[in-house]
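The values are calculated or read from the model by the stated rules, or taken from the named source; none is laboratory data. Everything quoted here is computed from the prediction, not taken from an experiment. Methodologically, a virtual Cβ is constructed for each residue, glycine included, from the backbone with ideal geometry; neighbour enumeration extends over all protein chains shown. Quick note on the areas: whole protein, heavy atoms, side chains included, nothing else; ligands and nucleic acids left out. Shrake-Rupley method; radii C 1.70, N 1.55, O 1.52, S 1.80 Å.
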Amino acid sequence: MVTQKADGNKTMRKLAIILIILVVASSAFAQRVLIYMDLNQRDHLKAYGVTYNSLREGFNIEWLLNYRGGSFLAPMEQKIVDLCRLYGVSYEIIDGAKVAAIYAEIEESNMEVVLLEKAPKIAVYTPPNTHPWDDAVTLALTYAEVPYDKIWDEEVLAGRLGEYDWVHLHHEDFTGQFGKFYASYRNTLWYKQEVATNQEMARRLGFTKVSDLKLAVALKLRDYVAGGGFLFAMCSATETIDVALAGRNVDIVPAEFDGDPIDPNAQQKLNYDECFAFHNFTIETNPLVYSHSSIDYKPDNISRMQPDYFYLFEFSAKFDPVPTMLTQNHVNAIKDFLGQNTAFVKEFVKPHSIILASYKGDNVVKYIHGNYGKGTWTFYGGHDPEDYTHYVGDPPTDLNLHRQSPGYRLILNNILFPAAQKKEHKT
């Protein structure tokens, strides 16, 4: 009976697709704009800007998952054509017959059509003293000409997260240990300024310690996701938000950072049920060690891997559209890049997490995703997809030189993901 029902549903789906194809093919107004995303695309990154800003103009866009690298099919509107020309994005105007052929190919292959209906409102959680080299996501959004708001601790605790559909976490240290740069940089001006800025914010918001402030922010962010929000993080923010949440009811911060000693039984008191993505990890309590926990796969190990690439998983577009959206790309193998948190040791990743990308021959993953309550989180290891080592004070990456960056594409997939969802969330 179940098999007969499944066969019937499949038959009905095919009949519906055939009907759509016939209507499209016969329509006198069937011309569409195809923004292809395979290797022929001149500027993959700005193609996301065209798509996002077309949504802002009120146009619906179809995301053709796994078709020519995850292409976009837009209505034949002069505003969209003008945006493509202005941004230097490759496109093709196709007729109804070509559209029908694309739909037919998608129906018979591991591809799917996802309708994007509304441009999500975006916020980047970032401190006011941020430097140009601090964050790949802000570089990507700026280059693609995707608008976003900057928020920090005050806005989060004031309840403003509910204004946004998608929130990215700047490379924050949610444990209140200032990135654990203490050993190497505690005497530098920028480090002293970062400490002073965080301490002043903590005092202003009524907290005696920065670690207490950051925990309060982490809890608000978790509530945001639970209520239906979309959270994205890279580098140290991925690891430290879960470390902070696991240590919610225990002092895990050495005296060098908060003035009082760590709880001697801190490790035993961690509660992994509080975390988004990780469990069973151990925390690094030495203030002189540039590491927060065992979650991170250390850069010296990564740098010895041959070849130095991570690999995207292939998902079923029809049955797993969410991970398929998040992994759309014109290549499957992506050159690795380091960060304070470069990648995640697989044994510390919770079983319910979806692994989107990993390394061959190693128990290490790079890119993961999961649900929490009504919302989702996505964590991406590493600092800058086009700057392999990236040291403090390095100049910002010029994305004009990396218009086809597959590593940056993974960031920008995430900003369109909420456009395909109908959701409600409260903070």
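Computed from Cα atoms, the angle from the helix 78-87 axis to the main principal axis of the chain rounds to 50 degrees.
Histogrammed with a bin width of 10 Å, the alpha carbon distances of region 208-309 distribute as 14, 44, 30, 12, 1 percent, first bin at zero. So what's the net charge close to Leu245: Lys and Arg +1, Asp and Glu -1, counting the other residues with Cβ under 12 Å from its Cβ? My count for the surroundings of Leu245 gives -1. Among Val99, Val167, Val365, the largest mean-square fluctuation in a Gaussian network model of the chain (Cα springs under 10 Å) belongs to Val99.
For the chain, what relative contact order do you get, as a whole percent, if you take Cα pairs closer than 8 Å and at least 6 residues apart? All intermediate terms of the calculation are to be shown ahead of the outcome.
On the way: 839 pairs, mean separation 78.8, N = 427.
Contact order relative to length: 18 percent.
Mean separation of Cα pairs under 8 Å and 6 or more residues apart, divided by the residue count, gives region 321-381 a relative contact order of 29 percent. DSSP bridge analysis restricted to the chain gives an antiparallel fraction near 70%, rounded to the nearest 5. Which FRET efficiency value, to the nearest 0.05, do you get for Trp190 and Tyr272 by plugging their Cβ-Cβ distance into 1/(1 + (r/R0)^6) with R0 = 25 Å? Taking R0 as 25 Å, the efficiency between Trp190 and Tyr272 is 0.15. Once Rg and the Kirkwood radius are both taken over the C-alpha atoms of region 144-281, their ratio Rg/Rh works out to 0.96.
What is the Cα radius of gyration of the chain over 2.2 N^0.38 Å, N being its residue count?
Values: Rg = 22.6 Å, N = 427, 2.2 N^0.38 = 22.0 Å.
Normalised by 2.2 N^0.38 Å, the Cα Rg of the chain equals 1.03.
Over the Cα atoms of region 283-407, the radius of gyration divided by the Kirkwood radius equals 0.97; this is the Rg/Rh ratio.
Per atom type, the chain shows carbon and sulfur on 51% of its accessible surface, probed at 1.4 Å.
Measure nothing but the geometry: give the 0 to 90° angle between the long axis through the Cα atoms of 96-107 and the longest principal axis through the Cα atoms of the chain, rounded to 10°. Taking Cα atoms only, the helix is inclined about 60 degrees.
A Gaussian network model of the chain, with springs between Cα atoms under 10 Å, assigns the largest mean-square fluctuation among Leu139, Leu39, Leu416 to Leu39.
Enclosing the Cα atoms of region 140-194 in their convex hull gives a volume equal to 119 cubic angstrom per residue.
About the centre of its Cα atoms, the chain shows a dipole size close to 940 debye [charges on the beta carbon of Lys, Arg (+1) and Asp, Glu (-1) only; nearest 20 debye].
With a probe of 1.4 Å, find how much accessible area region 317-367 has per residue, and write the answer as a whole number in Å².
Values: 1870 Å² over 51 residues.
Heavy-atom SASA per residue in region 317-367 reads 37 Å².
Computed from Cα positions, the angle between helix 210-226 and the longest principal axis of the chain comes to roughly 20 degrees. Ligands, DNA and RNA are left out, and with a 1.4 angstrom probe the accessible area of region 147-302 is 38 Å² per residue.
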